[in-house]
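See structure below.
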Amino acid sequence: AQKITQTQPGMFVQEKEAVTLDCTYDTSDPSYGLFWYKQPSSGEMIFLIYQGSYDQQNATEGRYSLNFQKARKSANLVISASQLGDSAMYFCAMREGLAAGNMLTFGGGTRLMVKP
Amino acid sequence: DAGVIQSPRHEVTEMGQEVTLRCKPISGHDYLFWYRQTMMRGLELLIYFNNNVPIDDSGMPEDRFSAKMPNASFSTLKIQPSEPRDSAVYFCASSSPPPTEAFFGQGTRLTVV
């Protein structure tokens, strides 16, 4: 079974609108972390936001927020007020446990395209 | 801090040649990871180190791949001999112990012809 599933290969959003990128995960470890990374066309991996399994509140970082629904095992990324520079690939990733450091398993990614 | 530094950024080599990719992690980070990104397989972990010691190399595809971390500020990933199917983007990442984020380098785009 896939540990991280991103069901949206590609999405369009109108500039200045909000968009939600889906991510579901599968783990039996009670301690885990969920990450979102952005990969623009230049290729680098940019960390966006992190949610720990024991965190009570949803993580937020500027225009990024993580809609964490533990019972449903989902960790969707919400980008508010989309900008043209948000056009990129977005990857959801998971760390299971703590012993292996931040060894991450990645989803297949979602390509977001922001329309002017 | 300059972040995770990888070199070279691009490498084109002929099949059968030895390729060495280099990584300088962020100072103070205990963990170093090597990932490979391809269209077919996405991002996959190859190997990771903790305090310069290789911990899990189960993702290394074949014996042609080897990785070392001689000190806390330097790691190499070597492919010998290289094959066209090794063409990919190779990322190095480093982090402190969790829960913290992992920071990635710019990646090395390897093309084997």
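General observations
- Across peptide A:102-110, the average count of Cβ atoms from other chains found within 10 Å of a residue's Cβ is 6.
- Unit Cα scatterers, Debye sum, chain B: log10 I(q)/I(0) for q = 0.14, 0.15, 0.20, 0.21 Å⁻¹: -0.50, -0.58, -1.03, -1.13
- Cα convex hull of region A:1-62, projected area averaged across orientations, nm²: 5.9 nm²
- Under 13 Å, Cβ to Cβ, from B:THR111 - net charge with Lys/Arg +1 and Asp/Glu -1: -1
- Chain A - convex hull of the alpha-carbon atoms, volume per residue in Å³: 100 Å³
- Relative intensity, log₁₀ I(q)/I(0), of the protein assembly as shown from a Debye sum that treats every alpha carbon as a point, q = 0.15, 0.18 Å⁻¹: -1.01, -1.35
- Shown for A:GLU44, A:GLU96, B:GLU62: other C-beta atoms within 10 Å of each C-beta, ranked fewest to most, produce the order B:GLU62, A:GLU44, A:GLU96.
- When the Cα convex hull of region B:1-40 is projected onto planes of every orientation, the mean area is 4.2 nm².
- Size of region B:41-95 as Cα extents on the principal axes (Å, biggest first): 32, 23, 18
Laboratory data are not the source of any read-out in this text; all were calculated from the coordinates shown. Owing to the predicted nature of the structure, the values given are computational and were not obtained by experimental measurement. When we count neighbours, we look across all protein chains shown, and the Cβ atoms used for this are built from the backbone with ideal geometry, even at glycine.
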